[in-house]
Amino acid sequence: MSQKYVEKVLLTREEIQKRITELGAEISRDYAGQDLLLICVLKGAVIFLADLMRQISVPVEIDFMAVSSYGAATVSSGVVRILKDLDVSIENRHCLIVEDIIDTGLTLKYLEENLNSRQPASLKIVTLLDKPERRQVEIAPDYCGFQIPDEFVVGYGLDFDEKYRSLPDICVLGEK
Ligand code: PRP
Ligand code: 7HP
C-alpha cells in the first residue's frame, strides 16, 4: 500500500505572506470607497482569509460557504454539493470569493454561477493558488497568489484527507 509523505516545500511562509500583502494592497486599491463582503470557501481557505483580510484597508465583512467535491480523494468527482450556505443576502453587495486553490475549476464554476444568480453588485474571485494545467472548465481568478505546477499540495489550510492543514508552508505531497 502506498504512503503519503511531505516531499518538499513549494512555497515558504515568508513567500506566502509577501504575496498576500501585495494582493491585499491591490484589492484595497480596486475597492477604494466601497464595502466588501469576503466569501470564504471552507475549509481550506480559512487561513488565507484570516491573513488576507488583515491586509485589506477597505471595510470588510466575512461569510462562509462549505461545498464538497473531493472528500478523501485527490481527484475531483465533479459533483459539487452545498454543505453550508451563506448567512447573509448578497444582493447589491460587492462580493469577493476567497479560495485556497483552483484545480479543475469545477467548484468555482458552480459557486460563481450559484452566487451570480443572487444578484450581487459585483462578484470576483481571489485564489491563493492556481493549477492552470488541470483546468476542466473555463474559469479565471481576478486575483491569484501563485500559479503552481500539477502537484498535490498541502499546508497553509490545504489538506489531504483532512490532514496537514496546519503546516505553515505549502508543501508537495509525495507517495512512496
Ligand atoms: C478544494 C479547494 C477548492 C477545490 C478546488 O476543496 O479548497 O475548493 O478543492 O478544486 P476544483 O477546482 O478541482 O474544484 P475541498 O473539496 O478539498 O475541500 P476543503 O477546502 O474543505 O479541503
Ligand atoms: C484540491 C486540492 N486540495 C489540496 N491540494 C491540492 O493540490 C488540491 N487540488 N485540488
Which ³J(HN,Hα) values, rounded to whole Hz and listed in residue order, are derived for the stretch 53-69 from phi using the Karplus coefficients 6.51, -1.76 and 1.60 in 6.51 cos²θ - 1.76 cosθ + 1.60 with θ = phi - 60°, glycine and proline given as x? 4, 7, 9, 9, 9, 7, x, 10, 10, 10, 8, 10, 10, 10, 10, 10, 9
Going by amide H atoms built from the backbone, whose H comes under 5 Å of the H on Glu7, apart from near neighbours? Val172, Leu173, Gly174
Hey, can you grab everything whose amide H is under 5 Å from the amide H of Gly105? Only 5+ residues off in sequence or another chain; H modelled, so Pro and N-termini drop out. Gln136
Charge tally for neighbours of Ser122 with beta carbon under 14 Å away, counting Lys, Arg as +1 and Asp, Glu as -1, is -2
Pull up the cross-link candidates among the lysines for Lys43, meaning alpha carbon to alpha carbon under 17 Å and not fewer than 8 places away within one chain. Lys84, Lys163
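Between Glu91 and Arg135, what length in nm is gained on full extension when 0.36 nm per residue of separation is reduced by their alpha carbon distance? Could you put the intermediate results ahead of the total?
On the way: separation 44, 0.36 × 44 = 15.84 nm, distance 2.94 nm.
Stretched out fully, the Glu91 to Arg135 stretch lengthens by 12.9 nm.
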Per 10 angstrom bin, beginning at 0 and ending with the bin that holds the maximum distance, the Cα pairs of the chain fall in percents of 10, 40, 36, 12, 2, 0
Stretched fully, the stretch from Lys4 through Ser122 gains (0.36 nm per residue minus C-alpha distance, one decimal, in nm) 38.4 nm
Which residues qualify? For Ile97, with a placed amide H closer than 5 Å and at least 5 residues away or on another chain, they are Ile39, Lys124, Ile125, Val126
Per the rule of 0.36 nm per residue minus the C-alpha distance, extending Glu14 to Lys176 adds in nm 55.4 nm
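Rule-based calculations on the coordinates, nothing more; no lab input. Here the structure is a predicted model, which is why all the values come from computation and not from measurement. Every residue, glycine among them, receives a Cβ derived from its backbone with ideal geometry; neighbour counts consider all protein chains shown.
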